[in-house]
Amino acid sequence: MKEVTNQIIQVCKSFFEDTVRVRRDFHMHPEIGYEVQRTADIVGTELQKLGIKVRKGIGKTGVVGDMEVPGATRRIALRADMDALPIQELGTAPYRSTVDGKGHMCGHDVHTATLMGTARAMAVVKNQLKANIRFVFQPNEESFPVGAVAMMEDGVLDGVDEIYGMHVCPRLEVGQLGFCQGAATAQGDAFDIDIIGKGGHGAEPHRTIDPVLMGCQYVTLLQSIVARNVDPLESAVISVTQFHGGTAFNIIPERISLSGTVRTFKQDIYERVREKMESILAGITSPHGARYTLSYKNVFPLTYNHKECLDKALRIAEELVGSKNVIFPHPPDLGSEDFAYYSQKVPACFINLGCRNESKGIINFCHHPQFDVDEDCMLWGMATFVGLCSL
């Protein structure tokens, strides 16, 4: 096995410099949501050069490539997301974003370039692969309705036996790989609330039913749900991220609006949080004679690492980077990821790819305006993907 992994590393190294070049090009030209046409065109062209059967426009602007391996009876899918964020990059790297208000501040440029490099390496070691390979380049991971669902509706999982994905992880040093046992990322829910009272003059609050006051009380009391209704050894997050209302300094508004997110790992905790949110809202508004509306929707399910895929990933990781650099079990992330939709349908594993390097000043976390990675992480991402398909 060690001889095979050493060969994999050497093959991946031969494509590393070009993978860095491709990543920097994507970083300089970020595209968001489903508007990833330039990125998708580059991906599709490169896969076609490798003799891979390419389908474009999957999930609106996604790209799927199928590599057929002689004698293989199973199909493994490898997924990368292509979209950037609506964030102004504040970094100073020579390859920083050239598009105002858009930036690859979550590492999807790394994911896409890494999977392209993986395809190049696999074309060299194709006869050693144990399965047919489906390369999945997905748009719109960052916003709803998500790209994973759109691609599934277009049949991206048809004939797939297992699927793997990875995400750069600034909590881990470059050269480390992290694996969660079971739950990898949280169920992510979104809520929108309106509190409707009675507006009036700010100098005569007694003639109004003040929704601002109730909204402030509600935001504060929401925090008691986790603090006093969830086992301290379990995990849950409730965050109010928007609070809107009012039109002038001297007018108490008729209505205010709140929005936010809830993150949980277990169904019973999700149900308890959802129930408490509404009961507290009713308890605040009813005594004042106010009304409310509550819209609550599940945006992302739980990302789940299936044992058979996790065991395989751990085996290849230990061969590639050594047991001391395999972080298992890695704590699950209360962030959400639309890879979750794939993991609900077929056996899956989602891998944390270490990208931190304090000596190079690479310390910021995803979605930070100065986020960057140690690009050496792409070598280990490529080798892991190739290794997973060689077992």
The one condition residue 160 fails out of (1) aliphatic (A, V, I, L, M); (2) in a loop (DSSP other than H, G, I, E, B); (3) under 20 Å from the mean Cα position of the chain (by Cα) is (3)
Those residues of the stretch 289-300 that are surrounded by 16 or more Cβ atoms within 10 Å (Cβ to Cβ) and at pLDDT 95 or above come to a total of 2
*asked:* Looking at the structure I just gave you, is residue 225 closer than 21 Å to residue 344 by Cβ and in a helix (DSSP H, G or I)?
replied: no
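Would you confirm whether any residue within the stretch 71-92 is of a type in the set (Val, Ile, Thr) and assigned to a helix (DSSP H, G or I)?
So in the stretch 71-92, the residues of a type in the set (Val, Ile, Thr) come out as 73, 76, 87, 92.
Cutting the leftovers down to assigned to a helix (DSSP H, G or I) gives us none.
For the stretch 71-92, residues of a type in the set (Val, Ile, Thr) and assigned to a helix (DSSP H, G or I): absent.
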Of the residues in the stretch 85-107, those that are farther than 27 Å from residue 347 by Cα and among the hydrophobic types (A, V, I, L, M, F, W, C) come to 85, 87, 90, 93, 99, 105
Every listed condition ((1) under 16 Å from residue 222 (Cβ atoms); (2) in a helix (DSSP H, G or I)) holds for residue 261 save (2)
- Query: Is at least one residue of the stretch 49-63 within 26 Å of residue 317 (Cβ to Cβ) and touching a residue at least 40 places away in the same chain (Cβ under 8 Å)?
  - Reply: yes
In the set 194, 154, 189, the lone residue that is closer than 28 Å to residue 39 by Cα and either among the charged types (D, E, K, R) or not assigned by TED's automatic domain parsing to the domain that holds residue 46 (or both) is 154
Flagged in the stretch 359-391 as out of contact with any strand residue (DSSP E or B) (no Cβ under 8 Å at 6 or more places or on another chain), outside any loop (DSSP other than H, G, I, E, B) and not polar (S, T, N, Q), in numbering order, are 360, 378, 379, 382, 383, 386, 387
Tell me whether the stretch 330-353 contains one or more residues that are of a type in the set (Val, Ile, Thr) and in a loop (DSSP other than H, G, I, E, B).
yes
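The values are calculated or read from the model by the stated rules, or taken from the named source; none is laboratory data. Here the structure is a predicted model, which is why all the values come from computation and not from measurement. Every residue, glycine as well, gets a Cβ built from its backbone with ideal geometry; the counts of neighbours run over all protein chains shown.
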